[in-house]
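Structure first, commentary second.
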Amino acid sequence: MTEQAPTRVALYSFARHTNNRVAEFRWQPGQPVSLDIFDPKWGALAQKFYDNGVPAGAERVSPEAGPDFMRALLQRFRMSYYKFVDESD
């Protein structure tokens, strides 16, 4: 892929009718993807994607894929209570 990859993607939960930032993925060229969980209960989805990869069709994209993983986080998911947001500088 030639498009620029996001370097920071946040996961928000809307379960409590508020905009709650629950986790953040970070990536820089030459570095592995890192994950910070701010709310263990609602950030469990981020941990699951980090541990098992992001579903992308019939496959999963692992954090080892770096920029492809970050792009995969931003695909449209059918989720009512969560949203991934590109917060790159």
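The values are calculated or read from the model by the stated rules, or taken from the named source; none is laboratory data. Because the structure is a prediction, the values reported are computed rather than measured. Cβ: placed from backbone, ideal geometry, glycine included. Neighbour counts: every protein chain shown.
What the table below lists for this structure:
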{"read-out": "Selection from the range 34-60 of residues that are farther than 13 Å from ALA72 by Cα and in contact with a Gly (Cβ under 9 Å, 6 or more places away or on another chain)", "value": "LEU35, ASP36, ILE37"}
{"read-out": "Count of residues meeting criterion [surrounded by 13 or more Cβ atoms within 10 Å (Cβ to Cβ) and modelled with pLDDT of 95 or more] in the range 54-68", "value": "9"}
{"read-out": "Residue selected from the range 74-89 under the condition aliphatic (A, V, I, L, M) and within 12 Å of TYR12 (Cβ to Cβ), by the criterion surrounded by the fewest Cβ atoms within 10 Å (Cβ to Cβ)", "value": "MET79"}
{"read-out": "Members of the range 22-32 that are more than 10 Å from the chain's Cα centre (by Cα) and within 18 Å of GLU64 (Cβ to Cβ)", "value": "TRP27, GLN28, PRO29, GLY30, GLN31, PRO32"}
{"read-out": "Residues located in the range 1-33, provided they are at pLDDT below 95, in contact with a Gly (Cβ under 9 Å, 6 or more places away or on another chain) and of a type in the set (A, V, I, L, M, F, W, C)", "value": "ALA5"}
{"read-out": "Matching option when the condition is under 10 Å from the mean Cα position of the chain (by Cα) and modelled with pLDDT of 95 or more, among PHE49, PHE38", "value": "PHE49"}
{"read-out": "Residues within the range 40-89 that are under 24 Å from THR18 (Cα atoms) and touching a Lys or Arg at 6+ places or on another chain (Cβ under 7 Å), tallied", "value": "2"}
